[in-house]
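Student: Below is a structure I'd like to ask you about.
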Amino acid sequence: MTPQSSFQGRPRMPRSRNHSSHQRDKLLASTLSDSLAPKSEQTPAAFEKKASAGAKWFNMPKTNLTPELKRDLQLIKMRNVLDPHRHYKKESAKAPPPEFSQVGTLVEGPTEFYSSRLQNSQRKRTLVEEVLEAEQESGRFKRKYGEIQMAKTSGRKGHYKAQMAKKYGNGAKNIRR
């Protein structure tokens, strides 16, 4: 008989000469019991492996989602609004936060020029605070909000009031029709 049998077209597995049938059954049972064991009974090494990204990722820890980190991640998702001249790849709005991440602080080296360094008064604790400070300096969001409101109110009540003011002067505010 050839190594392949005609049983449903599957190849027949040859018997191992190194193990007896009893040893093979034990090996199979231990393999199945390890894979079917509840998570609480699994080894601590497997749990520790999931607590970090692994040695290839320098054992980066799991993300600890604090309210500050949630705001920073939300701001990163909406970063295309911050600078109209930069274009970013669109991200899924429902994407979960990263499983493994770290937050750090950039430290300039001694070779950086003083003019390119941030002063201590300009440093902020979180990314959100930095963005709000930049907004206060530029006033871009406030200006854009005003432009949007002007476009929305054009042709409505504001337009009507402006026409009445032209026609009747400043006393048009008290005219009701």
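Student: Does Pro110 qualify as being loosely packed, with under 13 Cβ neighbours inside 10 Å and within 30 Å of Lys142 (Cα to Cα)?
Tutor: no
Student: Is there a residue being more than 27 Å from the chain's Cα centre (by Cα) and modelled with pLDDT of 80 or more anywhere in region 76-99?
Tutor: Taking every residue of region 76-99 in turn, none turns out to be more than 27 Å from the chain's Cα centre (by Cα) and modelled with pLDDT of 80 or more.
Student: Within region 76-89, count every residue that is loosely packed, with under 10 Cβ neighbours inside 10 Å and closer than 30 Å to Lys50 by Cβ.
Tutor: 1
Student: Report yes if Ala29 is over 13 Å from the mean Cα position of the chain (by Cα), among the small types (Gly, Ala, Ser) and modelled with pLDDT under 85, otherwise no.
Tutor: yes
Student: Criterion first (touching a helix residue (DSSP H, G or I) at 6+ places or on another chain (Cβ under 8 Å) and loosely packed, with under 10 Cβ neighbours inside 10 Å) does Ala151 satisfy it?
Tutor: no
The values are calculated or read from the model by the stated rules, or taken from the named source; none is laboratory data. Just so it is clear, the structure is predicted and the values come from calculations on it, not from any experiment. Please note: Cβ atoms are built from the backbone with ideal geometry, for glycine as well, and neighbour counts cover all protein chains shown.
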